[in-house]
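Shown next, in structure tokens, is the structure this report addresses.
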Amino acid sequence: MSIRQQEILNLLRDHHAGLSIPKLEMNLGISRTAVNQHLTNMERDGLVERGSVEKTGGRPGYVYLISEKGIEQLPKQYSWFSELMLDALKTKLGSDGLTTFLREIAAEVGQQLRPRVLGKSHDQKVKEIQLILSELGYDSNVMPSGPRELPMISARNCVYHKLAARHPEVCQFDLGLMESLLEGHTASQTDCMVRGGTSCQFSFQASSS
């Protein structure tokens, strides 16, 4: 998103009834053509939506409103809030307790996502897990492994990087989620960006009976 589009979202956030193109033009100090171009792109991307028609002395035009997706693009302090919660939980539960807590949450999320892996082979389940990680924000892909081993998953970014640097237990959520979707296997993190690796890599081994 461009800086100008961020300015448009901020204006629409502060004007719940919406703003017309002339009013956006006046507030932004740019041409009507430029405003139109930004709105066209933002409407295409689902960041804004058209409201009612505003009648003026000239040609009537739509009022534009910020969409739910647009609101989600506004700056938030999720990381700060998450860090506060993890600090409090770790103080109360200790490191082992926090690990257990995160794995319990991962198991619950895994139950909700289980229909996505039902009836699939182990290799297909690994691919589905990779798709789920991509939906969570990871730039991930499946990597071939040994002839009798399941494929690995590699991610070129860490969505929890700042949190994981302070609270390494956070990585247990991903491992717990993978294990809940790939029953009968344990997940291991063989490389970690927080610990100096070039990527985050996950491998899978059959659980010992």
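The values are calculated or read from the model by the stated rules, or taken from the named source; none is laboratory data. Values in this document were obtained by computation on a predicted structure and should not be read as measured data. So basically every Cβ, Gly included, is an ideal-geometry build from the backbone, and we count neighbours across all protein chains shown.
Only residues that are in contact with a helix residue (DSSP H, G or I) (Cβ under 8 Å, 6 or more places away or on another chain) and part of a helix (DSSP H, G or I) were counted across segment 7-33, and they come to 13. Taking residues in segment 13-32 that are under 14 Å from VAL63 (Cβ atoms), and partners anywhere that are of a type in the set (Gly, Ala, Ser) and surrounded by 13 or more Cβ atoms within 10 Å (Cβ to Cβ), the pairs with Cβ atoms closer than 7 Å and at least 6 places apart or on different chains are GLY18/GLY51; SER20/GLY61; ILE21/GLY61.
Would you tally the residues in segment 61-86 being more than 17 Å from the chain's Cα centre (by Cα) and surrounded by 13 or more Cβ atoms within 10 Å (Cβ to Cβ)?
Of the residues in that region, 8 qualify.
Condition test on LYS162, is it of a type in the set (Lys, Arg), over 26 Å from LYS90 (Cα atoms) and out of contact with any strand residue (DSSP E or B) (no Cβ under 6 Å at 6 or more places or on another chain)? Spelling it out, it is not the case that LYS162 is of a type in the set (Lys, Arg), over 26 Å from LYS90 (Cα atoms) and out of contact with any strand residue (DSSP E or B) (no Cβ under 6 Å at 6 or more places or on another chain). If you filter segment 167-199 down to residues that are of a type in the set (A, V, I, L, M, F, W, C) and touching a residue at least 60 places away in the same chain (Cβ under 8 Å), you find that the one that is nearest to ARG114 (Cα to Cα) is LEU181. Would you mind finding the one in SER145, SER203 that is touching a Pro at 6+ places or on another chain (Cβ under 7 Å) and at negative phi? Criteria check complete, one pass: SER145.
Okay, residues lined up against (1) surrounded by fewer than 15 Cβ atoms within 10 Å (Cβ to Cβ); (2) not aliphatic (A, V, I, L, M):
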| site | (1), (2) |
| --- | --- |
| MET1 | yes, no |
| LEU12 | no, no |
| HIS16 | yes, yes |
| GLU25 | no, yes |
| THR33 | yes, yes |
| ASN41 | yes, yes |
| ARG44 | yes, yes |
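Sub-9 Å Cβ pairs linking a first residue in segment 80-91 that is touching a residue at least 60 places away in the same chain (Cβ under 8 Å) to a second residue that is surrounded by fewer than 15 Cβ atoms within 10 Å (Cβ to Cβ) and not charged (D, E, K, R), at least 6 apart or interchain, are LYS90/GLY97, ordered by first then second residue. Among the residues of segment 142-162, write down those that are buried (at least 16 other Cβ atoms within 10 Å of the Cβ) and more than 24 Å from SER82 (Cβ to Cβ). Of everything in segment 142-162, those that are buried (at least 16 other Cβ atoms within 10 Å of the Cβ) and more than 24 Å from SER82 (Cβ to Cβ) turn out to be VAL142, LEU150, PRO151, MET152, SER154. Candidates SER154, SER145: the one that is of a type in the set (Ser, Thr, Tyr) and outside any loop (DSSP other than H, G, I, E, B) is SER154.
Selection of segment 115-142 for residues being within 20 Å of CYS171 (Cα to Cα) and either in contact (Cβ under 8 Å) with a residue 60 or more places away in the chain or outside any helix (DSSP H, G or I) (or both) yields VAL126, LEU136, GLY137, TYR138, ASP139, SER140, ASN141, VAL142.
Residues to consider are THR186, THR198; find the one that is outside any helix (DSSP H, G or I) and at pLDDT below 90. Walk me through it before giving the result.
Values: THR186 fails: at pLDDT below 90.
Of the residues listed, the single one that is outside any helix (DSSP H, G or I) and at pLDDT below 90 is THR198.
Restricting attention to segment 163-197, report how many residues are crowded, with 18+ Cβ neighbours inside 10 Å and of a type in the set (Gly, Ala, Ser). Total satisfying the criteria: 4.
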